[in-house]
Amino acid sequence: GENVEQHPSTLSVQEGDSAVIKCTYSDSASNYFPWYKQELGKGPQLIIDIRSNVGEKKDQRIAVTLNKTAKHFSLHITETQPEDSAVYFCAATFDRDYKLSFGAGTTVTVRA
Amino acid sequence: NAGVTQTPKFRILKIGQSMTLQCTQDMNHNYMYWYRQDPGMGLKLIYYSVGAGITDKGEVPNGYNVSRSTTEDFPLRLELAAPSQTSVYFCASSPNTGAPQGEQYFGPGTRLTVT
């Protein structure tokens, strides 16, 4: 099955700086890569996703890049704000499967 | 819409006890999932269902059972609780009726402690 590795496990950034989280996946058939944000005491919520026919996708201050050859994808958060503090999970799947394989998560802390 | 709701929010069980974690969604989603989240381990899929009457095992199904008699409800049953089942459990649903994969909507979670 799919194996997703996520780094770093914790990330502390100064407010206004950028944050980057990287994930690698093992199954070359995977073609859908979502990112979820989990705030304290809540369930994960989708913030952005990318499919394998696209190399980059942006939504305001967040962006995701995908390198299919190297089998890795990254989340970029620019101009970080205190409300960006949360746990972020990457995931991967083959879109005709119903099962997401999640990374272990990255705890992001934005320092004021 | 309330989205995905889970009950209870917290529960303490003694070893060997049984319980059912409830999950209900009001979005008429076909696909539903149960995950467990352990510290530093991400989310692991326990069971999933692609529609009423259809369930299948995920990555970590041992010690759990599910049923899906209606589109809305997807309860998770623990028959003989063990300390290894101490975790936070999340239910999720997805609107897909076919490929491609889409967003999964998560409930607020149930924190279970087995002592």
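Structure summary
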{"item": "Virtual spin-label span in nm between B:Arg111 and A:Gln14, 7 Å along Cα→Cβ", "result": "3.4 nm"}
{"item": "Percent of Cα-Cα distances greater than 24 Å, calculated over chain A", "result": "19 percent"}
{"item": "Linear extension gain, A:Gln60 paired with A:Arg111, 0.36 nm per residue minus alpha-carbon span", "result": "16.3 nm"}
{"item": "Region B:15-115, dipole about Cα centre (Lys/Arg Cβ +1, Asp/Glu Cβ -1), debye to the nearest 20", "result": "200 debye"}
{"item": "Relative contact order computed over region A:63-107 (Cα-Cα under 8 Å; 6+ residues apart), in percent", "result": "27 percent"}
{"item": "Mean Cα-pair separation over length for chain A, i.e. relative contact order, pairs under 8 Å, 6 or more apart, %", "result": "37 percent"}
{"item": "Under 5 Å, built H, 5+ apart or other chain: amide partners of B:Leu13", "result": "B:Thr113, B:Val114, B:Thr115"}
{"item": "Relative contact order %, chain B, counting alpha carbon pairs below 8 Å whose residues are six or more apart", "result": "35 percent"}
{"item": "B:Ser69 paired with A:Thr78, simple spin-label distance in nm, labels 7 Å along Cα-to-beta-carbon", "result": "5.4 nm"}
{"item": "For B:46-53, mean number of other protein chain Cβ atoms within 10 Å", "result": "1"}
{"item": "Label point distance in nm, B:Glu59-B:Thr7, each placed 7 Å from Cα along Cα→Cβ", "result": "3.1 nm"}
{"item": "Lys/Arg +1, Asp/Glu -1 at C-beta; chain A dipole; positive extreme among A:Ser52, A:Val108, A:Leu66", "result": "A:Ser52"}
{"item": "Neighbour cut-off at most 11 other Cβ (10 Å), DSSP loop, trypsin sites (Lys or Arg not before Pro), region A:1-105", "result": "none"}
{"item": "Residues of type lysines that B:Lys57 reaches as a straight line, Cα spacing below 28 Å, ignoring anything fewer than 8 places off in the same chain", "result": "A:Lys37, A:Lys42, A:Lys71, A:Lys99, B:Lys9, B:Lys14, B:Lys44"}
{"item": "For region B:10-24, 3J(HN,Hα) per residue [Karplus equation, 6.51 cos²θ - 1.76 cosθ + 1.60, θ = phi - 60°, Hz, x = Gly/Pro]", "result": "9, 7, 10, 10, 8, 3, x, 6, 10, 6, 10, 8, 9, 9, 9"}
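Any read-out appearing in this document is the output of simple, stated calculations on the displayed coordinates, not a laboratory observation. Everything numeric here is computed off the predicted structure, so don't read it as measured data. Cβ: placed from backbone, ideal geometry, glycine included. Neighbour counts: every protein chain shown.
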